[in-house]
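Working notes for the structure below.
Readers should treat all values here as calculations from the given coordinates under stated rules, not as data from a laboratory. Note that the structure is a prediction, hence the values are computed from the model and not measured. Glycine gets a Cβ as well: all are built from the backbone with ideal geometry, and neighbour counts include every protein chain shown.
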Amino acid sequence: MRFKAFIFAAVMAVVASIPQARSADFRGSPEDTFAIYSSIPFIRGADFKEYTEVGNQTRGGVRGELVREFMAMAKAMGAQNNPSGELAQSMGQLLLTFDSVYDLHRDVALQGVPASLEAQFRSELDAIYREARVAQQKIRFLDQRVAAKISARVREMLNSGIALTPTQRQELAADIIEIGMLPYGVFTVLGGDQIRVDLTLVKLTTGEAQSFSASDSITTVMRSLARQVFQYFQQNQYDPWNDPQPKLKWLLPAPTHRGMVLPQVALAVCKSQGARLPYAQELFLAAAAGEFHAGGIPFDQDSRYLVADHTRWDGQHFYYPVTGDPRGPVRTSAGTGSELGMYLCVKGAVGPEIQRVEKIFANIRVWNREEKNYWFSIAAECLLNEIGSISADASEFDIFKPCSKLKRATPKNASDFLAAYGIRL
């Protein structure tokens, strides 16, 4: 199509040296607000797919063609961010293409559905904002009169056939920048009164897109979709997860290991890779991140894992992710009748806090063999609670009780108590 060729020619004319300025978050900074273009074209997904497959160039085929052109333009904008100069013309053409999509899709096989979806989304989003009474409304629809004015001005300037002057380009950019995002949607009838609606918001200045999807009855689906959009833009923004163990490198089990293995097998595999079994604290932090964040790992919450810890007793220890046992998540296999466990390997030095906990437990194991050293063990348990060790035992005392058993009930005095006997942990 000549129109399509013109669109891509306009994109290619954009100055490639304009720097990117994408935010790490689609929503920008917490203070940013966005204006959504006042028209939302909704395309019937089934028809679009059919026309794409058969290459039909009837009116329905043109619909699909325009949608593809619109998306191609939006993606091309992703490499640019400054709506000025040649870029302003390209963005203006994108807006006209968008208007064409909207006009063509107001009348589709399901008469009136797109208009109803658009109206429902507007009213539901407004209702949610009224209910929430937020201090700052992050998204709003561009006033229809303003949108019509911008569209007419862009159309007039780009269709004049006269090259735009630098001043006109700046005026065009100023008009377009008022539009924060262009919305479009796809709806699919699932059967009965059930419908699926996908809504995409495209940042006009960068080409970045964010999509939302909901399936429900045709009378309630837009409420769900509006709720998603509201929550996404209005919810508080949080700093990304920082890897608490950046010096550790995790390794998955041997390729043929799909379940639990004996401790000696896991130890041999880890050693063969120049690695070791992790300590429970290391495993806990990595598992908390999950496998999609820095320092995270795939993890089965319903299994138990072999770990390098040695707490109050000798023998192989395991980390139990989900447990109601008052002894805590790190313990031996006593009472289970099995030494099998899942495992992961890790490379990297053991941290000083873990080394300190191991030293405390080494002393506790010695003291537990001699009843006369009972108070030493109590003081050491007090220190474990002070450190916040996940191996702290809650079966005999709550978190403050080991300290309260001393004459002066503070963690510092527990250290002083041990130091008085020449024991420094």
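Just to confirm a number: summing +1 for Lys and Arg and -1 for Asp and Glu over residues other than ALA349 whose beta-carbon lies under 13 angstrom from that of ALA349, what do you get? Walk me through the numbers before you get to the answer.
Numbers: positive: LYS247, LYS249, ARG276, LYS347; negative: GLU282, GLU353.
Every neighbour counted, the sum reads +2.
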* Asked: Tell me, what are the semi-axes, in whole angstrom and largest first, of the equivalent ellipsoid of the stretch 191-239 as set by the roots of 5 times the Cα gyration tensor eigenvalues?
  -> 25, 14, 7
* Structure fact -> Env charge @ ASN236, Cβ radius under 14 Å, K,R +1 / D,E -1, value -2
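Subtracting the Cα-Cα distance from 0.36 nm times the residue separation, let me have the gained length for ASN159 to SER213 in nm, one decimal. Don't skip to the answer; put the middle values down first.
Numbers: separation 54, 0.36 × 54 = 19.44 nm, distance 3.62 nm.
So the chain would gain 15.8 nm between ASN159 and SER213.
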* To do: Go ahead and run the numbers for FRET between HIS257 and ALA419, Cβ-Cβ distance against an R0 of 35 Å, rounding to 0.05.
  => 0.15
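For the peptides 243-256, 297-310, what is the packing order when you average, over each peptide's residues, the other Cβ atoms within 10 Å and list the highest mean first? Before the final figure, lay out each step's value.
Working: 243-256: 13.7, 297-310: 18.3.
Sorting 243-256, 297-310 by mean packing, highest first, produces 297-310, 243-256.
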* Efficiency by 1/(1 + (r/R0)^6): what FRET value for ASP243 and ALA362, r their Cβ-Cβ distance, R0 = 22 Å, to the nearest 0.05? -> 0.15
* Asked: Which translational diffusion coefficient, to the nearest whole µm²/s, is obtained for the stretch 196-354 from the Stokes-Einstein equation, given a Kirkwood hydrodynamic radius over C-alpha pairs, 37 °C and 0.692 mPa s?
  -> 173
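Which shape class, rounded, prolate or oblate, goes with the stretch 127-260 when its Cα gyration tensor gives a ≥ b ≥ c as root eigenvalues, a/c under 1.5 marks rounded, and past that a/b bigger than b/c marks prolate?
On the way: a/c = 2.15, a/b = 1.55, b/c = 1.38.
Prolate.
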* With label points built 7 Å along Cα→Cβ from the Cα atoms of ALA135 and ASN236, find their separation and express it in nm. => 1.1
* **Out-of-range pairs (alpha-carbon distance over 18 Å; input LYS271/LYS359; LYS249/LYS359; LYS249/LYS271)** => LYS271/LYS359; LYS249/LYS359
